[in-house]
1. Of all residues in the stretch 307-320 being in contact (Cβ under 8 Å) with a residue 40 or more places away in the chain and surrounded by fewer than 18 Cβ atoms within 10 Å (Cβ to Cβ), which is nearest to residue 272 (Cα to Cα)?
2. Looking at residue 75 and the list (1) under 17 Å from residue 47 (Cα atoms); (2) touching a helix residue (DSSP H, G or I) at 6+ places or on another chain (Cβ under 8 Å); (3) crowded, with 21+ Cβ neighbours inside 10 Å, which single condition is not satisfied?
3. Test residue 273 against the stated conditions and say whether it is outside any loop (DSSP other than H, G, I, E, B), without any contact (Cβ under 8 Å) to a residue 12 or more places away in the chain and either under 30 Å from residue 61 (Cα atoms) or not assigned by TED's automatic domain parsing to the domain that holds residue 36 (or both).
4. Within the stretch 36-48, track down each residue that is surrounded by fewer than 23 Cβ atoms within 10 Å (Cβ to Cβ) and either in a helix (DSSP H, G or I) or touching a strand residue (DSSP E or B) at 6+ places or on another chain (Cβ under 9 Å) (or both).
5. Are any of the residues in the stretch 238-252 assigned to a strand (DSSP E or B) and in contact with a helix residue (DSSP H, G or I) (Cβ under 9 Å, 6 or more places away or on another chain)?
6. Quick one: count up the residues across the stretch 82-96 that are touching a helix residue (DSSP H, G or I) at 6+ places or on another chain (Cβ under 9 Å) and either surrounded by 22 or more Cβ atoms within 10 Å (Cβ to Cβ) or under 13 Å from residue 265 (Cβ atoms) (or both).
7. Check whether at least one residue in the stretch 282-301 is assigned to a strand (DSSP E or B) and closer than 23 Å to residue 118 by Cα, and report yes or no.
8. Being touching a helix residue (DSSP H, G or I) at 6+ places or on another chain (Cβ under 7 Å) and more than 17 Å from residue 122 (Cβ to Cβ) is the filter here; which residues of the stretch 41-72 pass it?
């Protein structure tokens, strides 16, 4: 079987760096930033949305940030929000845009002309494992069942995701299918705008499975509406240990999607330092631990230049993998 362990070396190093941040827990921190406006490049209910709102919750409840506001700006595979941030840079110096692995993938595939180098790099903050999900009451009950159904009739199995074709959700599903010996190119992929719309497509029967972030599926799985048939982690995740890993089912796929924050180009150095200070201190708060563990995230912290190095390495690794799978 093919083996995929995308960027795990980089993630492991980042996780070690995050552990060193273990500051004593605090009940209410000194305020570092008076307010932050979070720009979210996708719809409600997706991984970007949950990351921005969860981070804002931890920052404000801990007292590190006075207030937080949120704006969803879908379009162009995330390109609309990136373009807006660049074109209105001076008026957006109070804004942090959340993004993740797709900013690398979509610039490689030309979905939008910009890339992370066109923005101010603030920090990478978390990792979220990927998952394949099916309807709880559907005919597919496990990963092998999904692959068997696909091999029997590829046209009868559609996989949905909250990213554009060739995007991260599509790429992760293709990795899993190829590792199982199935043809990833023949896999029918249906794109949706955000995690909420993707899950609605699954529950309505438009698609037979969904490729998504683990954190986006946890609450629905706990409610009995969906079944997580595989997680791209090495071990079961404490936030929902009922979900099996890909590896324990004989599918050697491992992947973790970083998420982090970017600012408009030309952000003053003192303001950048305040944002980075607030995010760094956040890791030592019980408010953050609650948000992180609730979502099944892992701490991955990269500031500034370290964030750039991390992204450049991922750009190379993902580009190589996408060429291997025929997406580039």
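The values are calculated or read from the model by the stated rules, or taken from the named source; none is laboratory data. Bear in mind the structure is a predicted one, so any value in this text is a computation, not a measurement. Positions of Cβ are backbone-derived with ideal geometry, glycine not excepted, and every protein chain shown enters the neighbour counts.
1. Of the residues in the stretch 307-320, the ones in contact (Cβ under 8 Å) with a residue 40 or more places away in the chain are 307-308, 310-311, 313-315, 317-319.
When the remaining residues are screened for being surrounded by fewer than 18 Cβ atoms within 10 Å (Cβ to Cβ), the result is 308, 313, 317, 319.
Details: 308: 15, 313: 23, 317: 28, 319: 29 Å.
For the stretch 307-320, the residue satisfying everything is 308.
2. (3)
3. On the way: outside any loop (DSSP other than H, G, I, E, B): yes; without any contact (Cβ under 8 Å) to a residue 12 or more places away in the chain: yes; either under 30 Å from residue 61 (Cα atoms) or not assigned by TED's automatic domain parsing to the domain that holds residue 36 (or both): yes.
So residue 273 fits the description; yes.
4. Step one: of the stretch 36-48, the residues surrounded by fewer than 23 Cβ atoms within 10 Å (Cβ to Cβ) are 37-38, 43-45.
Correct list: 37, 38, 43, 44.
5. Here is the first cut: in the stretch 238-252, the ones assigned to a strand (DSSP E or B) are 245.
Filter once more, so that each one left must be in contact with a helix residue (DSSP H, G or I) (Cβ under 9 Å, 6 or more places away or on another chain): none.
No, the conditions are met nowhere in the stretch 238-252.
6. Applying the first criterion (touching a helix residue (DSSP H, G or I) at 6+ places or on another chain (Cβ under 9 Å)) to the stretch 82-96 yields 82-86, 92-96.
With either surrounded by 22 or more Cβ atoms within 10 Å (Cβ to Cβ) or under 13 Å from residue 265 (Cβ atoms) (or both) added as a condition, the list becomes 82-86, 92-93, 95-96.
Result for the stretch 82-96: 9.
7. Step one: of the stretch 282-301, the residues assigned to a strand (DSSP E or B) are 298-301.
Checking the rest, the ones that are also closer than 23 Å to residue 118 by Cα come to 300-301.
The answer is yes, given that some residue of the stretch 282-301 is assigned to a strand (DSSP E or B) and closer than 23 Å to residue 118 by Cα.
8. Restricting attention to the stretch 41-72, the residues satisfying the condition of being touching a helix residue (DSSP H, G or I) at 6+ places or on another chain (Cβ under 7 Å) are 41-47, 50, 54, 57-59, 61-62, 64-65, 67-68, 70, 72.
42, 43, 44, 45, 46, 47, 50, 57, 61, 62, 67, 72, listed by residue number.
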